[in-house]
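The values are calculated or read from the model by the stated rules, or taken from the named source; none is laboratory data. Given the structure is predicted, the values throughout are model-derived calculations rather than measurements. A quick note on method: Cβ atoms are made from the backbone with ideal geometry, for glycine too, and the neighbour counts reach across all protein chains shown. Just the protein is used for accessible areas: all its heavy atoms, side chains included, with ligands, DNA and RNA removed. Shrake-Rupley method; radii C 1.70, N 1.55, O 1.52, S 1.80 Å.
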Amino acid sequence: MKKVAVAEGDGIGHEVIPVARRVLEVLHPEYEFFNVELGYGRWEKTGCPCNDHEIAALKDADAVLFGAVTTPPMKDYQSVVLRIRKALDLYANLRPVKGDGFDIMIVRENTEGLYSGIEEIAVDRATTLRVVTRKGTERIAKAAIRLAKTRRLLTVGHKANVIKSDVFFRDICLAEAKAAGVPFNEKFIDALALDLLQHPQAYDVVVTTNIFGDILSDVASYLVGGLGLIPSANIGDRFALFEPVHGSAPDIAGRNIANPVAAVRSAAMMLEYFDDADGAHLIEQAIRQTLAAGTRTADLGGTAGTREFGEAVIREICRRKKAP
Ligand code: NAD
Ligand code: IPM
Ligand code: MN
């Protein structure tokens, strides 16, 4: 029995997460689910987007299913998702991008770098401290290497030609890869971003720092049809949180047109984390079959709504469960 915290968050989180939750309920009726309200909507209602009580509730679960939160660019508003990643020490953000002939796993360092939170806005100058620690780099390198060991290549993405904290990051990653005996190479992140689009089959596991991984995963989603499709797992040594790579998409929220695939694939990543590889596989097969049959949301050129697409996937899961 697993306890799953469900935090829909804001915007399309309220539309795509119910679909992902339903998929988990169908496959695992024994799981216990509980809701955690957090995000910008909660801030508007109560003046607080997330407090210690919510953080404790998330820690009380075996895993968190997370939607997305709206983060207004205001000086003193702290992003809830960043707070959670730090509070639960979810240092490895795994963002898989799979398509015809390529299977890329972006491993994004998730707790430091430009997201250190050490910032200062003065009258004539604003600074953000980019913090890259040995501990933070060693653990993300090791996480990427663990994955690369069962795959074929580790690529280290960095900007060591300019940024000294990236020389530090690069050197540690390459030394760890060498010591572990996994095949590796390296590339400057700007060139890597283009090459990933031009030659996706040349990439396998890509490890990089926080902001580069953030940007690279949105860019890489272009290879598979956009942000509606790619999931992520935020993993630490004690906790895990699963969320689509996309945000709360206020431009399409509330219209039942968001693509729930990224959220449902995030639920599949949760099942893998719980060692239910069969369940994860079943979800992926059902998504592929539904898309192949022409049921698609608007971002993929279709007319299916979020709920209708979700129902089609769930029907396909039930059909496959009955007749494996
Ligand atoms: P976004 O990912 O929300 O949207 C970018 C574009 O992709 C939009 O045009 C949107 O309509 C489209 N899109 C995203 N998901 C989609 C889906 N499932 N189906 C169809 N189309 C989809 O990024 P943004 O617009 O830059 O940010 C909106 C808000 O979300 C901001 O407040 C941002 O801070 C927040 N955000 C939160 C998270 C998170 O909580 N993990 C992640 C990214 C952005
Ligand atoms: C993501 C998002 C977040 C990030 C924002 C909303 C804080 O873009 O999960 O990719 O930058 O990590
Ligand atoms: Mn992002």
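From the residues in the stretch 72-113 that are acidic (Asp, Glu) and in contact (Cβ under 8 Å) with a residue 12 or more places away in the chain, which one is nearest to Ala148 (Cα to Cα)? Restricting to residues being acidic (Asp, Glu) and in contact (Cβ under 8 Å) with a residue 12 or more places away in the chain, the top hit is Asp103.
Every condition in (1) hydrophobic (A, V, I, L, M, F, W, C); (2) within 21 Å of Ala253 (Cα to Cα); (3) in a helix (DSSP H, G or I) holds for Leu291 except the one numbered (2). Need pairs with beta-carbon distance below 8 Å; first residue within 16 Å of Asp103 (Cβ to Cβ) and within the stretch 201-228, second open to solvent by less than 10 Å² (accessible area, probe 1.4 Å) and among the polar types (S, T, N, Q); sequence gap 6+ or separate chains. Cβ pairs passing all conditions: Tyr203/Thr155; Asp204/Thr155; Val205/Thr155; Val206/Thr155; Val207/Thr155; Leu216/Thr208; Ser217/Ser232. Residues in the stretch 79-107 that are part of a strand (DSSP E or B) and either small (Gly, Ala, Ser) or away from ligand 1 (no atom under 12 Å from the Cβ) (or both): Ala92, Leu94, Pro96, Val97, Lys98, Gly99, Phe102, Asp103, Ile104, Met105, Ile106, Val107.
Which of the residues that make up the stretch 229-239 are part of a strand (DSSP E or B) and either open to solvent by less than 20 Å² (accessible area, probe 1.4 Å) or free of Cβ contacts under 8 Å to residues at least 12 places away in the same chain (or both)? It would help to see each step written out before you state the result.
Our first condition is that a residue be part of a strand (DSSP E or B); within the stretch 229-239, this holds for 231-235.
Residues satisfying the conditions are Pro231, Ser232, Ala233, Asn234.
Is one or more of the residues making up the stretch 247-260 near ligand 3 (Cβ under 10 Å from one of its atoms) and either in a strand (DSSP E or B) or touching a residue at least 12 places away in the same chain (Cβ under 8 Å) (or both)? Yes, the stretch 247-260 contains at least one residue that is near ligand 3 (Cβ under 10 Å from one of its atoms) and either in a strand (DSSP E or B) or touching a residue at least 12 places away in the same chain (Cβ under 8 Å) (or both).
When the stretch 240-257 is filtered for residues that are within 16 Å of ligand 2 (Cβ to nearest atom) and open to solvent by less than 40 Å² (accessible area, probe 1.4 Å), the ones remaining, listed by number, are Ala240, Leu241, Phe242, Glu243, Pro244, Val245, His246, Gly247, Ser248, Ala249, Ala253.
None of Ile189, Ile230 is under 16 Å from Ile17 (Cβ atoms), aliphatic (A, V, I, L, M) and either away from ligand 1 (no atom under 16 Å from the Cβ) or touching a helix residue (DSSP H, G or I) at 6+ places or on another chain (Cβ under 9 Å) (or both) except Ile230. Entry remark, the stretch 294-308: residues being closer than 16 Å to Ile17 by Cα and either assigned to a loop (DSSP other than H, G, I, E, B) or not assigned by TED's automatic domain parsing to the domain that holds Arg319 (or both) number 2 in total. Taking strands (runs of 3 or more DSSP E) as the structural unit, those lying wholly within the stretch 153-210 and holding at least 2 residues that are closer than 14 Å to Arg108 by Cβ correspond to 154-158, 205-208.
Condition check for Val80 on (1) touching a Pro at 6+ places or on another chain (Cβ under 9 Å); (2) on the phi > 0 side of the Ramachandran plot; (3) not polar (S, T, N, Q): one failure, at (2). When you look at Val224, is it more than 30 Å from Val167 (Cβ to Cβ) and open to solvent by less than 10 Å² (accessible area, probe 1.4 Å), yes or no? So Val224 fails the test.
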